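Input: a single structure, listed below in C-alpha cells.
The values are calculated or read from the model by the stated rules, or taken from the named source; none is laboratory data. Computed from a predicted model, the values in this text were never measured in an experiment. Here the Cβ is made from the backbone with ideal geometry for all residues, glycine too, and neighbour counts use every protein chain on show. Keep in mind that these areas ignore ligands, DNA and RNA; they rest on the heavy atoms of the full protein, side chains included. Shrake-Rupley method; radii C 1.70, N 1.55, O 1.52, S 1.80 Å.
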Amino acid sequence: MPFNSLYFVIFLLAVLLVYHAALADWSWRKLFLLAASWLFYATWSPRFLLLLIATTAIDYQLARRIYHVRWGAADPAPAAGRRRARWLLVLSLTINLGVLAFFKYGEFLYRTAAALSPLPPVPRLLSIVVPLGISFYTFHSISYVIDTYRGVRPPSGSFTDFALYVAFFPQLVAGPITRWNFFGPQLERERRVEPAGIEAALFLLAVGFLKKVVCADSLGGFVDEVYADPTGTSQVEAWVALYAYAFQIYFDFSGYTDIATGAALLLGFRLPENFRHPYLAESPREFWRRWHISLSTWLRDYLYVPLGGSRRGPARNVMSLMITMLLGGLWHGAAWAFVLWGGYHGVLLAAHRLVSARASGAPPRTPAWLRRAVTFHLVALGWVLFRAGSVATAAAVLRQLWSGQPLPRPFPLGIVALVLLGAATHGLSLRRDLLELWRRVPLALQGAAYGLVIVLVGVFSAESGRFIYFAF
Amino acid sequence: MLKADASYTSPSEDERPGVARRLLTLGLSCAVTLAVVLGWVWIDRQGVRLRPALSDTMDTTVLPALVRWRARHRDPSVMGVVLFGDSRVDCLNGVTVGGALAARLRANGRPADLAEVAHPGLRPLQFYYLLDEVLAGAPAAAVVEVNPAYLWPRPPPPLRWARFFNLSRELSLRGAWRMRKPLAVDGLSLLDPFIYALEEKLDLLYVADGLRDGGQVLLGRPNGRFAGVLDWKRSAQDRLVIRGALAEGALFRRRVTGDVAAHPVTIVLRQLYRELRQAGVEVLFYVPPQKVFERPDPGEMAQSERVEAVRAAIGAQPLEWLDLHAHLTPEAFRGFSQYLRPPGCEHVADAIGDVLIPRLR
C-alpha cells in the first residue's frame, strides 16, 4: 500500500475516523494503531508480517532481560550481570543482523561468489523477496536494544507500545528511523491533535504528494530515459539528468517523509526531522546532517562512534568514516554500486575532515555560495553511481557530461523548471520558514490550493511510480 | 521542509479560537475548487479526452477488431483461433504471424477465423485482461507468444505507455484477485481495474490523460518553445532501448524472486493456460525466434533452462510448447533487432501450424 495510492488515502481516512471518533481509551487507541499498522504491512505480505512480529517479540523480551541483568538489580551491575547483558545484546544483534543479511544480502553474496567461481543457479532458499521496510524496522529494533543496554532509557513495559514503535505505519516502510527515547515518551499519555498540528499536517501532506507525484515522477521519466540509454544522450541532457536526479531523489524521499510526518501528526504523533534542505550544505559533512538525518545520526551513534569516531587520531577517524559510509552504502541496497557510492562519500568526508583539521578552526575563506555549489556538485556526481546501479552505466553517463554530443531534441525546459523549483525552495528556506509563510495565506485560498493539489495529484497519480526508498 | 514542532501534538496555550470555523473555511473552499474543476472537466469531457483516446491504438484498433471477431457468425466448418502476441508477430509489409498462420490452416483444410490480439508492448498480463473477451468468441485454439525478455529474473520494466493501465478495466473481480501479484508488479492496485471500469461507465476514461495533454498544449501555446518539453519521456519511448539496471529493477526485487514458479509472468501464463483449457480451447505456447541472447548473470539459469522451467511451472505439456528461439539465422531478422523479416513470420507460422494442425483434427 504505497502512500501515492488511493488505497492509502482510504486506509488513512478510515484509521483517522476510528482512532478519533470511535475509540476513547488510550490503550485501545494504541492497540488499534498497532492492528492498523500490522494490517498496513500485511497488505504487502501477510507472510512477512509474521517475521516482523517474531523479531519484534524477540527484541522485546531480550531488551527486558538485558535491562534486568544490567540495570535492574544494582547500579553498577556486577561483572557477571554485565557479561550476561553483553551476551544478550550480541544475541539480539546476531538475530537482527542475521535476518537482515539473509533476506537482503543472501542472494547478493551468492551471486558475488558465483561471479568468482562457477556455482549452480541461486538456490530457491536464497531467492526470496526482500521484506518491505526490513532495513528500517531492523534499525528501530537494534537502536532500542542497544539503548536499553546503554541505559539510555528503560525498555517498554508494554509489548503493544514496543510493537507500535517498531511498526507505526507512517514510518514503517521507509522511515524516518525513530529512536525509542523520541517515540516512547509519546506513547505514555494520550496524544491530542492541536489545530496547529492539523494545519501543519495538511500542509505536509499536500507538499509531500506534490513533491512525489508531480515533481519526482516528472523528473523520473526524463532520468529513466537518460540512464536507459546514456550513449544516446546529448551532453546537455546528461547535465540536466545529473541535476534532475539529484532533485528527483530529494523530492521523492523528502516527499515520502512529509507524507509520513503529516499522517503521524494527524494521529497526534511527531516523527523526527529527516531533511533540512540538504543541498544548502556547505560541506559533505554538513550534507549528512541535512540528508536522511535519522539514518546518518543512527550510523553515527551506533557505528561511527563505537568504531572510535574522531577521538583516536586522524588515521582511526578516517577508518571509522570509511567503514561507516561503506556499510551505510550497503544498507541502501545489495549491490556493489551502493558500496562504491558509500565509499565515495566516505572519501569526501575523510578529505573534508583532513582539510578542516589543517585549517584548525579558522573560518573558511571561500564564499558560502561557492562551498554550497561545490558540495552540491560532489553530491550530485555521487548520485550518478547510486542511480546507475552499475559502474559501467555510471561511467557511460559521466562520459556524456563531457561528450560534446549535440542536443537532438527540444531543450527539456520543463525538467529544468522543476529542478529550479527545487533549488528555489531551498533558497527560500534560507530566510523563511515555509510553513510560517503558508500560514499567512488566507484560509479560503489555502483551501482552494488544497483542492487544486487534489486535482493535480489525482491527474498525475495514474503515472506515479514507486518511492525510491521503498527499495531499501 | 519544516520541523515537526512539539506544539502541533501537545496542548498549546495559545490555542486559537474557532477551530471548527477555520476547518470549515478550509474544507468549503477546497470543496468549491474541486467542484469547479470537476464540473468543468465533466462538461468538457469529450473534448478533454479526445486526443489520448484517439491515440490509444489498443482501443482504436485491437479491441474493436476483437469485438468484431467475437460477434462474427462463423460457418461450422470455420474454427475460431486467437493469437496473442506483441510486436514480434509483425514482419512488415502486411505480413504477420497471424495472417501467415491463417493461410497455413486454410491450405491444410482447416479454415480459421483468426483474431490477432497483438500490439507492440503487449504482455501476458494484458493477454489475461482480454481473456474473457476472447473466450466469449468460443475459439477452438489459442496460440500464445512467450517473449523470453519477460522471463528474465529482472525483466526490463515496461515503458509506461506499454503498461496499458486502463485495459485492466476488462478484468473481472475474480480475475483481478488472481492477478494481484502481477498487477502489483506492474504498478496497479486491486482497486485500479475497478476505477478504470467505473471511469468507462461514467464516460470519463482518458479524461485524466486528456488533462495532462491539455497541460502540454497549454505550455506550448506561448511561443511553441515549450511544446513537448515535459513530454520528453514519451517522445523517447519510440526509441528502441535495451534497458539496463534501472532503479525499478531494484524495486522489482521487492516482489519478484529468482524462483521461476513465482515469477509474475509465470503466474499469468499458468492462469491463462488453466482458463483456456477449462474452456476446452487447444493451447499452444511458442517462444519466438531470437537474434540477441541475454547472457545469464552469475548464479542464474541459462535461457533455455529458464524457458523449460517456465513451461513446467505453467503445467503445459511438451506438445503445447514450441521453443523457436534458436530456429532462425541472423539474416532472418531486421538489422540488430529481434524483429523478423516477412519470411521469418511465415517460418514461425509454419512451425506453429505443424504442431497445431494435427491437434485440431
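What residue, of A:GLY308, A:GLY342, is touching a Lys or Arg at 6+ places or on another chain (Cβ under 6 Å) and either surrounded by fewer than 18 Cβ atoms within 10 Å (Cβ to Cβ) or assigned to a helix (DSSP H, G or I) (or both)?
A:GLY308
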### Query
Any residue in the range B:65-87 that is within 29 Å of B:HIS325 (Cβ to Cβ) and either of a type in the set (Asp, Glu) or part of a loop (DSSP other than H, G, I, E, B) (or both)?
yes
### Message
Being in contact with a Lys or Arg (Cβ under 8 Å, 6 or more places away or on another chain), open to solvent by less than 20 Å² (accessible area, probe 1.4 Å), among the small types (Gly, Ala, Ser) and modelled with pLDDT of 90 or more narrows it down to one residue among A:ALA228, A:ALA246, A:ALA264, A:ALA206; which is it?
### Response
A:ALA264
### Message
Condition first: among the basic types (Lys, Arg) and more than 14 Å from chain B (Cβ to nearest Cβ). Now tell me which residues in the range A:342-396 satisfy that.
### Response
A:ARG353, A:ARG358, A:ARG365, A:ARG371, A:ARG372
#### Entry: Lone unmet requirement of (1) at pLDDT below 90; (2) away from chain B (no Cβ under 14 Å) for A:ALA462
(2)
### Message
Residues that are open to solvent by less than 30 Å² (accessible area, probe 1.4 Å), more than 30 Å from B:ARG21 (Cβ to Cβ) and without any contact (Cβ under 8 Å) to a residue 40 or more places away in the chain: does the range A:155-163 have at least one?
### Response
no
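Being open to solvent by less than 10 Å² (accessible area, probe 1.4 Å), at pLDDT below 90 and under 20 Å from the mean Cα position of the chain (by Cα) is true for just one of A:VAL173, A:VAL166. Which residue is that?
Just one listed residue meets the conditions, A:VAL173.
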### Task
Identify all residues within the range A:399-421 that are touching a residue at least 40 places away in the same chain (Cβ under 8 Å), of a type outside the set (Lys, Arg) and in a helix (DSSP H, G or I); write none if there are none.
A:GLN400, A:LEU401, A:GLY414, A:ILE415, A:VAL416, A:LEU418, A:VAL419, A:LEU421
### Task
Run down A:ASP229, A:ASP252, A:ASP258 and say which single residue is under 21 Å from the mean Cα position of the chain (by Cα) and within 9 Å of chain B (Cβ to nearest Cβ).
A:ASP258
### Task
Might you check whether a residue that is touching a Gly at 6+ places or on another chain (Cβ under 6 Å), over 30 Å from A:ARG399 (Cβ atoms) and not small (Gly, Ala, Ser) occurs anywhere in the range A:237-256?
no
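Looking at A:PHE139, A:PHE102, which one is touching a residue at least 40 places away in the same chain (Cβ under 8 Å), assigned to a helix (DSSP H, G or I) and either closer than 29 Å to B:ALA261 by Cα or outside the structural domain of A:GLY255 (by TED's automatic domain parsing) (or both)?
A:PHE139
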#### Entry: Tally, over the range A:325-337, of residues that are in a helix (DSSP H, G or I) and closer than 16 Å to A:LEU299 by Cα
8
### Task
Considering each of A:ALA42, A:ALA36 in turn, give the residue that is crowded, with 18+ Cβ neighbours inside 10 Å, within 25 Å of A:SER141 (Cβ to Cβ) and either touching a strand residue (DSSP E or B) at 6+ places or on another chain (Cβ under 7 Å) or at pLDDT 80 or above (or both).
A:ALA36
### Summary
The lone condition B:LEU240 fails out of (1) under 28 Å from A:VAL130 (Cα atoms); (2) at pLDDT below 75 is (1)
### Message
Looking at (1) open to solvent by 40 Å² or more (accessible area, probe 1.4 Å); (2) assigned to a helix (DSSP H, G or I); (3) touching a residue at least 12 places away in the same chain (Cβ under 8 Å), which one does B:VAL41 not meet, given that it meets all the others?
### Response
(1)
